[in-house]
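Quick notes on the structure that follows.
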Amino acid sequence: MSQLLVRDSERIHPPENLAAVAAAHGLTVSGARVGLREYGRQLWGRRHFILAFSQAKLTAQYSQAKLGQLWQVVTPLLNAAVYFLIFGMLLKSNRGLPNDVYIPFLVTGVFVFTFTQASAMAGVRAISGNLGLVRALHFPRASLPISFALQQLQQLLFSMIVLAVVLVGFGHFPALAWLLIVPTLALQFVFNTGLSLIVARLGAKTPDLAQLLPFILRTWMYASGVMFPLARTLEHAGASGWISDAMLANPAAVYMDLMRYALINDYPSSNLPPHVWALALGWAVLFGVGGFVYFWKAEEQYGRG
């Protein structure tokens, strides 16, 4: 009986005409990838969901801890204290920076790198960790990694209050250079969002990447000069020109150096790589646009299988 119905259906609407019939009645393939411009329009339409989802995740992150949201700033401060003990006091990696410069230098580096590190770690599980939501509702999947990157930005803004207290405590008072915080954070947020989108797609296909990523990020941290002045260290080590230029131009080092230059009085401009703002903009555009397109190309695959 079913075979007869199929044959009758094919006589009425041959297979080659099915697409035309579906289009005539406004039918589309479930979960089909829309065009890039339409995808961006749909994301903008979900902007309230993205913001609310990021705020909910931020609130729930430490809901079981007695100190609650204070852990947002206590955790990076404790990391900075450990790094100061090991790299500042034991290994003397400050390369001649006095403590009233080195401690703000270290705390700034830890906070800024943690922003990128946490965005990547949250992004890699954005799809694989929310499969129930992905399979139950139809929405642009990029909403999830973007929301996680926005969550980390909100967390960093809380940490910046503590960072300002540390800076003032060591004699680095607000100045016009502090206005550079805004473009620096804006460019880093775009870069982090693109990175989150990239690892979200990779993590959706290969969940084991979430176990490997912490080791990659730890290597990146040590190669970016979070705990020591990178330019001075490379010079002291006698690194060849192209190696030194490549390490100074890596995005984590660029955004940290810009933030340190903005916040720390008399931070030498010689520590900044040449064309530092062009590098910051280039990394943001490359990862922001490239990550968005890379994630969008696999939109139909998320939550399948």
Item to complete: Describe numerically, in nm with one decimal, the distance between label points set 7 Å from Cα along Cα→Cβ at Tyr222 and at Trp242.
Response: 2.4 nm
Response to the item:
In terms of the alpha carbon gyration tensor, root eigenvalues a ≥ b ≥ c, rounded if a/c is under 1.5 and otherwise prolate when a/b exceeds b/c or oblate, the range 242-287 is oblate
Worksheet item: Looking at the range 77-139 from every direction and averaging, what is the projected area of its Cα convex hull in nm²?
Response: 5.8 nm²
Discussion item. Using 0.36 nm times the number of residues separating Thr233 and Trp44, minus their current alpha carbon distance, what extension gain do you get?
Written reply: 63.6 nm
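Computing the accessible area with a 1.4 Å probe over protein heavy atoms, can you report the carbon and sulfur percentage for the range 90-194?
74 percent
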Practice prompt. Tally up the carbon and sulfur contribution to the accessible surface of the range 233-305 as a whole percent, 1.4 Å probe, everything protein left in place.
Written response: 64 percent
Fill in: Derived scalar couplings ³J(HN,Hα) [the range 120-130; Karplus, 6.51 cos²θ - 1.76 cosθ + 1.60; whole Hz; x for Gly, Pro]
5, 5, 6, x, 5, 9, 4, 8, 5, x, 10
Discussion item. Once R0 is set to 35 Å, what does the formula 1/(1 + (r/R0)^6) return for the Cβ-Cβ distance between Ala52 and Arg135, expressed as a FRET efficiency to the nearest 0.05?
Written reply: 0.95
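The values are calculated or read from the model by the stated rules, or taken from the named source; none is laboratory data. All of these numbers come straight from a predicted model, not from anything done at the bench. Because the Cβ atoms are built from the backbone with ideal geometry, glycine has one as well, and the counts that use them run over all protein chains shown. Please note that ligands, DNA and RNA were not included when accessible areas were found on the heavy atoms of the full protein model with its side chains. Shrake-Rupley method; radii C 1.70, N 1.55, O 1.52, S 1.80 Å.
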